[in-house]
1. Can you tell which of 245, 197 is more than 17 Å from residue 97 (Cα to Cα), free of Cβ contacts under 8 Å to residues at least 60 places away in the same chain and crowded, with 22+ Cβ neighbours inside 10 Å?
2. Go through segment 125-159 and report how many residues are of a type in the set (D, E, K, R), under 19 Å from residue 214 (Cβ atoms) and either in contact with a Phe, Trp or Tyr (Cβ under 6 Å, 6 or more places away or on another chain) or without any contact (Cβ under 8 Å) to a residue 40 or more places away in the chain (or both).
3. Go through (1) within 15 Å of the chain's Cα centre (by Cα); (2) over 21 Å from residue 74 (Cα atoms); (3) modelled with pLDDT of 95 or more and name the single condition residue 258 misses.
4. Suppose we filter 253, 178 for residues that are of a type in the set (Gly, Ala, Ser), out of contact with any helix residue (DSSP H, G or I) (no Cβ under 6 Å at 6 or more places or on another chain), without any contact (Cβ under 8 Å) to a residue 12 or more places away in the chain and farther than 23 Å from residue 128 by Cα; which single one remains?
5. Filter segment 138-175 down to the residues that are aliphatic (A, V, I, L, M), modelled with pLDDT of 95 or more and part of a strand (DSSP E or B) and list them by number.
6. Take the residues in segment 73-107 that are more than 23 Å from the chain's Cα centre (by Cα) and of a type in the set (A, V, I, L, M), then tell me which one is nearest to residue 204 (Cα to Cα).
7. So in segment 213-236, with the set limited to residues that are farther than 20 Å from residue 144 by Cβ and of a type outside the set (Gly, Ala, Ser), which one is surrounded by the most Cβ atoms within 10 Å (Cβ to Cβ)?
Amino acid sequence: MNHNPQAQRPESAAEDKIRRLTRRSFAVGGVASLLGLGGWYWLRSRSQDAGIPWPLRRVLDFNARLAQGYFKETRLAPTFPLERARVPRVNGEIGLDEVFDSARWKLRVETPVRQAAREFSLDKIKALPRVEMVTELKCIEGWSDVVYWAGARFADFITEYRLGARSGEAPDLGRRPADLFDYVQLETPGGGYYVGLDMASALHPQTLLCYEMNGQPLSPAHGAPLRLVITVKYGIKNIKRISTLRFLDQRPADYWAERGYDWYSGH
């Protein structure tokens, strides 16, 4: 029998090894935490660029360039079987709390080259070719819902009513692209919420002026009587209850871009 007091039992050796690993893990974790904390303080101390520290703004600008790089008019968002459609969660009520009379609603359209704004009733928009699609509404927070939408293509709206072109003629992206204004801005009644879009995205064939969801007229919480559905952008660009639409040559203000998000917001 071995009576050597220096000899360790197997379980004692294992416990000693665990203690060494635990101390090492604690040291490594402590260093990593200090580095992370230091990085966070460094980031917060950087100068601001459009509402956020400039390193974060550079990342968002890089993401925007990527999204713009793979954007194509012919690149369509996936569509889904109708049975997959559901009512999306009510997310975003900014701009919907204004006193609103749906019976008197009209869409006001403004351009820099005309003195008088034009107004369009919902019937004028419903007179355009009806488009139905079952697509995914993607939130920038990470969730998504498949929804059955119906409405008129934005491109059909501006073509039929001769909007969006400096000449006042029907827009022709193929033959006269320079005649188009560069940007579109949409806002809710009272201007509480507003989004800016590049014209190419607005003219995408899956961008709708939407008046129905899942076979029913839009509810007030989901943007009645008219909202935007734009499949190439995150939900923050899918503005509810559109009241005013403007064509511009300068990049317009955007509610969430002013609060630190990516202006382009493509995916």
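1. The unique qualifying residue is 197.
2. Residues that pass the stated criteria total 3.
3. That leaves (3) as the condition not met.
4. The match here is 178.
5. 146, 147, 150, 152
6. Looking at the filtered set, the residue picked out is 82.
7. Among those residues, the one meeting the criterion is 226.
Conditions (1) within 16 Å of residue 229 (Cβ to Cβ); (2) under 20 Å from the mean Cα position of the chain (by Cα), marked per residue:
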position	(1), (2)
119	no, no
128	yes, no
133	yes, yes
136	yes, yes
141	no, yes
144	yes, yes
147	yes, yes
150	yes, yes
155	yes, yes
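The values are calculated or read from the model by the stated rules, or taken from the named source; none is laboratory data. The shown structure was predicted, so the numbers you read here are calculated from the model rather than taken from an experiment. Using ideal geometry, Cβ is built from the backbone for each residue, glycine included, and neighbour counts are taken over all protein chains shown.
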